Structures are given as structure tokens and as C-alpha cells.
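Colleague: After the C-alpha cells below, expect a handful of questions from me.
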Amino acid sequence: MKTDIDEACDFEGVELHCATCRHSELRDTGKCSAKHACVEDRYALRIARFFEWNPELANNYLTHPYFEVRAIAARYADEVYLPWLMDDPDETVRASVAMRLPGHLLRRLRNDPHREVRVRVAARLDADDLALMCNDPDYFVRHIVAQRLPAAMLDRMIRDPEPQVRCIVAQRLSLIWIMTMIADKDAGVRLEVARRLPHTRLGWMRDDADWRVRHEVARRLDPRRLRGMRHDPDPVVRDLVERRLLDLPDGGAEVVHKLLGVPA
């Protein structure tokens, strides 16, 4: 039984015939093949294979009515033709163009209406232009911005509405600004802050509402400042505190006596 993938049809569903194709001569030289490498086929893989074998023909297909043909041709076309496709009606084509445009043209796509285009733009823009995408409406675009923006410029993203983005910010933010995030409303963000705070500043987070944050504080805080956490509401945190207090030259005996339940 013949399946859809076994057929050779164009994007409108019309059956293809090599004998009437303008590139019939390529078949004789092994540069195209029905159901395998064909620019008129509706399957993107077959179109891509055609241009892989015949990149010099890409310029001729930048106005093809099928968006897949235009998008794949844009990967191989001469750079001088790419600006023509920046306003292509299909986002797949514009996204393909965004992967190759030079920086001075790429910045013009940072406000593209489709997020897939802006994702590719954010992955390539230089720092100064990338900063203009800090408030992009899509969280994943901002996630990429937070990963690529120089740490010295990340303070503008401290209050991003998406916790996943703020986590990236907390991981990379300059230590000059990290204290501004100790009261972030998301526990995951505060945990990232606790992992990076200088140990001299960790005391500010000893009473955090989340046990994971307090556990990180107990793990990194100077043992001499841990006695105030011996009554932490979480047993895992209390256990870590007691074990670290054993490292104190004047606190080990006290802890041992407490653990054995005998007077010090």
C-alpha cells in the first residue's frame, strides 16, 4: 500500500514528473533524485538535500511560492540577497534569514512578530543590541538574553517576571548586585543567590522561608555564626548545623553532649 511519504508531490499536492522538470538534466548527473532530492517536492528534507547538492541554484528560488523552498534556499543564497527576505510573509523564512544576516541588519529583526525569529536573533546579536531585547514579551527570548548578556549589564533583568529567567540572572549577575535578589519571591531564585553570596553576607538569609535556601546557608556559613540556626524548623537543616558545629574548636564538646543527651 502506497503511503504519503512514498509519493512525489509538490506543495499543492500535484504529482511530480521528472520528465517535465526544468532540472531534468541534473538527474543524469546524480544531482537530483525523485523522492530523495527534489526542489519541487513538498517535503523539506528532500528540498534541503537538493540545495545541499546544488547550492549554486539557491539564488533562483528566493521567490518560490512554497515557504519551505524559500527558507531552505536562504541557507545557501548569496548574502547580498538576504535583505530581500527580511520582510518575507512566512516566519520560517525570516528565521532562516536571521541565522545568516550580518549584525547591522540582524538588529532590524529584534522586534519581529514571531518568537522563533526573535529567538534566533537573540542567539546572535552583539551585546549592545542584545540589551534592547531584555523586555521581549517571550520568556524564552529573555532566557537567551540572560544567558548571553555581559554580567555587568544583567542588573536590568533582576526583576524579570519569569522565575527561570531570574535564576539565570542570579547565576551570572555581578556580585555587586547580587544582594538585591536575596528577597526574590521565588525560592529557586533565592537558592541561586545563596549559592553565590559571599559567605560574609549569607547571614542575611538564615531565616529564609524555604528549607533549601537555609540548608545552603548552613552549608556555607562560617560555623562560628551557625549557633542561631540550631533551632531551625527543618530537621535536615538542624542536622547539618550540628555536624558543622563539631568543626568548632570550642563547640565540638557541646554538640557531642547534646547529641548524647548528657549535660555539658
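Nothing in this text is a laboratory measurement; each read-out follows from the coordinates by a stated rule. It should be emphasised that the depicted structure is a prediction, and the values quoted were computed from it without experimental measurement. For neighbour counting, all protein chains shown are included, and Cβ atoms are generated from backbone atoms with ideal geometry for every residue, glycine included.
Colleague: So what J values fall out for region 102-111 if you push phi through Karplus, 6.51 cos²θ - 1.76 cosθ + 1.60 with θ = phi - 60°, rounded to Hz, Gly and Pro as x?
Modeller: With coefficients 6.51, -1.76 and 1.60, one gets x, x, 5, 9, 4, 4, 5, 9, 5, 10 Hz.
Colleague: Where nothing but the Cβ of Lys and Arg (+1) and of Asp and Glu (-1) is charged, how large is the charge dipole of region 1-77 around its Cα centre, in debye to the nearest 20?
Modeller: On the way: 10 positive and 13 negative charges, 45 e Å.
Using only the charged Cβ atoms, the result is roughly 220 debye.
Colleague: In addition: Run through every distinct alpha carbon pair of region 1-77 and return the Kirkwood hydrodynamic radius in angstroms, one decimal place. Before the final figure, lay out each step's value.
Modeller: Details: mean 1/r = 0.0804 Å⁻¹.
For region 1-77, inverting the mean 1/r across all distinct Cα pairs yields 12.4 Å.
Colleague: Now, a different point. May I ask you to evaluate 6.51 cos²θ - 1.76 cosθ + 1.60, the Karplus curve with θ = phi - 60°, for each residue of region 150-163 and list the ³J(HN,Hα) values in order in whole Hz, giving x for glycine and proline?
Modeller: x, 3, 5, 10, 6, 4, 6, 10, 4, 10, 4, x, 9, x
Colleague: A follow-up question, please. Among 164-170, 224-230, how do they line up by average Cβ neighbours within 10 Å per residue, starting with the highest? Let's see the in-between values first.
Modeller: Working: 164-170: 23.7, 224-230: 15.7.
Descending packing order for the listed peptides: 164-170, 224-230.
Colleague: If you count, for each residue, the other Cβ atoms within 10 Å and average over each peptide, how do 22-28, 70-76 line up from highest to lowest?
Modeller: Working: 22-28: 12.9, 70-76: 22.7.
Output ranking for 22-28, 70-76: 70-76, 22-28.
Colleague: Continuing with this model, one more query. Need one number: nm distance between label points at Arg220 and Met99, each 7 Å from Cα along Cα→Cβ, rounded to one decimal.
Modeller: Calculated label separation equals 3.9 nm.
Colleague: Can you give the Rg to Rh ratio of the chain, both from alpha-carbon atoms, with Rh computed by the Kirkwood formula?
Modeller: Details: Rg = 29.7 Å, Rh = 23.2 Å.
Here the Rg-to-Rh quotient is 1.28.
Colleague: Under a crude label model (7 Å from the Cα following the beta-carbon direction), how far is Ser174 from Glu116 in nanometres?
Modeller: Distance between label points: 3.8 nm.
Colleague: Using R₀ = 35 Å, calculate the FRET efficiency as 1/(1 + (r/R₀)^6) where r is the Cβ-Cβ separation of Glu15 and Asp78; round to 0.05.
Modeller: Values: r = 33 Å, r/R0 = 0.93.
Rounded to the nearest 0.05, the efficiency is 0.60.
Colleague: Shifting gears a bit: So if we plug the beta-carbon distance of Asp186 and Ala152 into 1/(1 + (r/R0)^6) with R0 = 25 Å, what FRET efficiency do we get, rounded to 0.05?
Modeller: Numbers: r = 23 Å, r/R0 = 0.94.
Between Asp186 and Ala152 the formula returns 0.60.
Colleague: While we're looking at this one, here's another question. What list of ³J(HN,Hα) couplings, whole Hz, do you get for region 202-207 from phi and the Karplus terms 6.51, -1.76, 1.60, once you set θ to phi - 60° and write x for glycine and proline?
Modeller: For region 202-207, the Karplus curve yields 5, x, 5, 10, 5, 10 Hz.
Colleague: Sticking with this structure for a sec: State, to one decimal in nm, how far the label point of Asp138 lies from the label point of Asp87, with both points 7 Å from Cα in the Cβ direction.
Modeller: About 2.2 nm, to one decimal.
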